[in-house]
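Notes follow once the structure below has been shown.
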Amino acid sequence: MPDPFDSVLYRHIYCTLSSTADAQCEGVGLFGGGLLPGGFEWLAFVLTGVIIVAALINGILGAVLLMIWGERRLLGRLQGRTGPNRWGPFGLLTPIADAVKTMFKEDVVPTVSDRLVFTLAPILMLFPALLVYAVLPIGHGTWLADINVALLFIVAIGGANVLAIVAAAWGSGNRYAMFSAMRAVAMLISYEIPLVISLVGVIMLSGSLSLVAIVNAQTIPFFIIQPLGFFVFVVASMAELNRTPFDVAEAESEIVAGYMTDYSSMKFGLFFLAEFAATIATSGVITVLFLGGWHGFDPIPSQIWFIAKMVGVLALIVWVRASWPRLRIDQIMAFAWKALFELTLINLVVSGLLMLAWPSPSTTELWYMAGINWLVFIASIILFGKLLGPKHDPVSAGNVQRDVTLSDSDAPAIPSGGGG
């Protein structure tokens, strides 16, 4: 069982509160330690957990507000607009104004709704996003829990949002919301399969499901050794997050706001809070699994390295939103089953053969693996791009061009001179 004292956060807070003479608390703790009298170690344990959880949740809320502001500013830059700049310096208080506005909006509940399910759905959507942070290491010795099946825990928790989506649609009693929920669930399940399979290469290389062990195993960041797995995981994650170009289920051009159509006030706000919290958590998971986690260069603290990498992943997600149009639902489903699924199988086979050739690869052998995997990645992308890309029919193109030429020649001449 993991020792909680391996976490720097737990050790410092507990040793500050507890009066225990444990050797692990020697020279550790603020104010000299021992704020609670002897015999109250159990209370120190409980208070430590409460303090860490409270700090984590408030940190997540602050990070969500910063991401909302940062995404709007970055979108403004990418699209040639100013972005939020009126409320507070550089528009920093705009997300707070949005939160206050959402709180004071009228909470409308449809008369045909199942009130219990309707109310629980936003909560069911938010909880899984928050639970991911419990096992996310954000620095050396900086985590809430280091469990040996953390990666499996994240995969299992990530699939719980399907239940929240169905509950939101069912609870509202809206047929259009139910149609949208079914589309969203079909998309999530379809992309969950390649997402999970893409992690097999990471598990092979690290030999563990613990996120801390995966970070420690990355003498070379895994995105260099596993480019195909990294590509599939990032794309499938964006679909799981319902981010552009995969946000058809609630796109304005489709079915209004999808399964959230009948929600208002803070219930509506909780859905968006869950989406942004899950986006930040997913960027952290990508950083841990493929970007080396907190590894960096001294004297910059490991936590700063982790946050910098995570912000880079978030910028990539925003850049995709600013650059790519939405896909149709048939294109989304076809991409999952005709491209990503096959790419994960290719990555699985190649990774298995490489691990069979080098069961305990050295650094040099890891670079050999990276070279082979990059060749496979480039060849696979080119192949599937040609197979799934638009087909060019020279006969049809010639007929279209000839029809255009004939119609232009047969068109009546436009008289010169002014016209009404």
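Read-outs: derived from the displayed coordinates by stated rules, not from any lab. None of these values were measured; they are calculated from a predicted model. Don't worry about glycine lacking a Cβ; one is built from the backbone with ideal geometry, like all the others, and counts go over all protein chains shown.
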> By its C-alpha gyration tensor, with a ≥ b ≥ c as the square roots of the eigenvalues, how is the range 60-210 shaped: rounded for a/c under 1.5, else prolate for a/b larger than b/c, else oblate?
Replying inline: oblate
> Not counting the cut sites, what is the longest span of the chain without GluC sites (Glu not before Pro) that DSSP labels loop and that have at most 14 other Cβ atoms within 10 Å?
Replying inline: 253-420
> Going by a ≥ b ≥ c, the root eigenvalues of the Cα gyration tensor, does the range 204-313 fall in the rounded group (a/c under 1.5), the prolate group (a/b larger than b/c) or the oblate group?
Replying inline: prolate
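So what is the calculated 222 nm ellipticity per residue for the chain, using -39500 (n - 2.57) for each DSSP H run with n of 4 or more, over all residues, to the nearest 500 deg cm²/dmol?
Values: 17 runs with 266 residues, N = 420.
The helix-only estimate for the chain comes to -21000 deg cm²/dmol at 222 nm.
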> Given 0.36 nm per residue, what is the gain on full extension from I220 to M266 after removing their alpha carbon distance, in nm?
Replying inline: 12.2 nm
> Computed over the Cα atoms of the chain, what is the convex hull's projected area averaged over all directions, in nm²?
Replying inline: 31.6
> For T142, which sequence-distant residues (separation of 5 or more, or a different chain) have an amide H within less than 5 Å of its own amide H, given hydrogens modelled in the peptide plane?
Replying inline: V8
> If you average the sequence gap of Cα pairs under 8 Å that are 6 or more apart and divide by the length of the range 112-389, what percent do you get for the contact order?
Replying inline: 25
> Taking the Cα centre of the chain as the origin and placing charges on Cβ (Lys, Arg +1; Asp, Glu -1), which of W69, T364, F222 is farthest toward the positive end of the dipole?
Replying inline: W69
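Number of Lys-Lys pairs in the chain under 16 Å by Cα, sequence gap 8 or more or different chains?
Total qualifying Lys-Lys pairs in the chain comes to 4.
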>> Please compute the modelled spin-label separation between R326 and V311, points set 7 Å along Cα→Cβ, answer in nm with one decimal.
In response: 3.1
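State which helices in the chain qualify, where a helix is a whole DSSP H run, it must extend 20 Å or more along its own axis by its Cα atoms, and its mean Kyte-Doolittle hydropathy must be at least 1.6. Don't jump to the answer; show the numbers that get you there.
Numbers: long enough: 41-78 (53 Å, 1.50); 115-132 (28 Å, 2.13); 175-197 (34 Å, 1.17); 265-290 (38 Å, 1.54); 302-323 (32 Å, 1.47); 341-357 (24 Å, 1.96); 363-388 (36 Å, 1.36); 394-410 (24 Å, -0.52).
For the chain, where a helix must reach 20 Å along its axis and average at least 1.6, the hits are 115-132, 341-357.
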> Using +1 on the beta carbon of Lys and Arg, -1 on that of Asp and Glu, and nothing else charged, what's the dipole of the chain about the Cα centre, debye to 20?
Replying inline: 760
>> Classify the range 50-140 from the C-alpha gyration tensor, please: rounded if a/c falls under 1.5, else prolate or oblate depending on whether a/b exceeds b/c.
In response: oblate
> With each pseudo-label sitting 7 Å past Cα toward Cβ, what's the T82-V108 distance in nm, one decimal?
Replying inline: 3.1
